[in-house]
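A quick write-up on the structure given underneath.
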Amino acid sequence: MSRPVTVLVVDDSPTMRGLLTAALRRDPEIEVVGSAADPLEAREAIKRLNPDVITLDVEMPNMNGLEFLEKIMRLRPMPVVMVSTLTQAGAETTVAALEMGAVDAIGKPMDGTPAATAFAELATKVKTAGRSRVRARGDAPAAPPPVDTDYRPDPNHVLAIGASTGGVEALLTILQGFPADCPATVITQHMPATFTKSFAARLDKVCAPTVSEAEDGAPVKPGHVYIAPGGEAHLEVSGASPRCRLVRSETVNGHRPSVDVLFHSVARLGRPMTGVILTGMGKDGAQGLLAMRAAGARTLGQDENSSVVYGMPRAAHEIGAVERQLPLHRLRPAILDLCAASPRAVTPAA
């Protein structure tokens, strides 16, 4: 048996530290090695205990969680799972944390929700974080790539993207280089329900296209990016003039929304299409991407070295669903080439 994932719990509330610790200790593959009430205590505990993962609260005394996360990612990169209040402010801060390199996030119990229910996925998220690739950050964020203002998408083309753990950072990297007149784009990113609206709003603010949380019946058209709402429904695309459909049904591959559901729906459209699978744990999206490729789609996958978690891209690659794997920094130009009015060939991986 491999050694357990060691965790440091950081939260200013003694009650919350206790709830988090209890939830994690129920999993025999996790060892909680300590806790800290604020970033100053956490800094010393990290030096002393050298944990594999830390869970980090956003609002704490002495230094807030985002400031502390920035220092961690710059000075001592390690996997971090954010623990956030399920409010608009909490969601916005959590999305910012995921952009900065936090591996994942989970919401705190609210409105009488039992801790066991709220933290049902905590152990899985922590273990996934323990197997993730985390890279150092520089003192300043990388500048977004230049946007090709002369780009023209194929108006009939639909681009479908699926992502999970590490996907917020990956999607930001890709979409910040999209022109305002981008391919019609639909995205399923595994994310708690409260966070997807804030994620879409953040992307809309920093990207040239119009980015929004998908609404049932919304037309899928160039210049727009649609993010699947978290939690209660799957995002599908259907119709001769494609529209978003929010389908309330059971989880698929343990997820709702599911990447597989989105990809399978796009495969049935009978029009030019491209499918892209990004970093994430598990295999959600692999079968759907295979269906897209069988229906004539061009398909791309994020490569192992640039993935935070090489799970979903690996699963898709192993069953032949991925036409070509590329590092994250090369996916944007490859995607735009495939979706252009006059597509060029995908450049071979370096």
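The values are calculated or read from the model by the stated rules, or taken from the named source; none is laboratory data. What you are looking at is a predicted structure, and each value in this text was computed from that prediction instead of being measured. We place every Cβ from the backbone using ideal geometry, glycine too, and count neighbours over all the protein chains shown. Heads up: the accessible areas ignore ligands, DNA and RNA and are worked out on the full protein's heavy atoms, side chains in. Shrake-Rupley method; radii C 1.70, N 1.55, O 1.52, S 1.80 Å.
Data for the structure
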item	result
Size of charge dipole - the chain - debye, nearest 20, with Cβ of Lys, Arg +1 and Asp, Glu -1, no other charges	740
Restraint check, Lys125/Lys283; Lys47/Lys71; Lys71/Lys125; Lys205/Lys283; Lys127/Lys283, Cα-Cα greater than 25 Å	Lys205/Lys283
Shape of segment 197-323, Cα gyration tensor, a/c cut at 1.5	rounded
Three-way shape call for segment 1-62 based on the alpha-carbon gyration tensor, with the a/c threshold at 1.5	oblate
Of Ser13, Ser238, Ser35, the one that fluctuates the most in a GNM where the chain has Cα springs shorter than 10 Å	Ser13
Which labelled figure in (1) 146; (2) 133; (3) 195 is volume of the Cα convex hull per residue in Å³, once derived from the coordinates	(2)
Helical segments meeting 20 Å axial Cα length and Kyte-Doolittle -0.5 threshold in the chain (DSSP H)	193-206
Of Thr149, Pro179, Ser164, farthest towards positive along the dipole that unit charges on Lys, Arg, Asp, Glu beta carbons give segment 120-208	Ser164
Among Pro229, Val276, His255 - extreme Cα towards positive end, dipole of segment 210-350, charges at beta-carbon	Val276
Chain lengthening between Asp181 and Val247 when straightened (0.36 nm per residue, less Cα-Cα)	21.0 nm
The chain - accessible surface per residue (Å², probe 1.4 Å)	42
Low-density loop cleavage sites - trypsin sites (Lys or Arg not before Pro) in segment 1-99, where at most 16 other Cβ are within 10 Å (DSSP)	Arg26
Centre separation in Å (Cα based) which lies between segment 289-305 and segment 164-209	19
Cα shape, segment 116-233, gyration tensor, a/c 1.5 rule	oblate
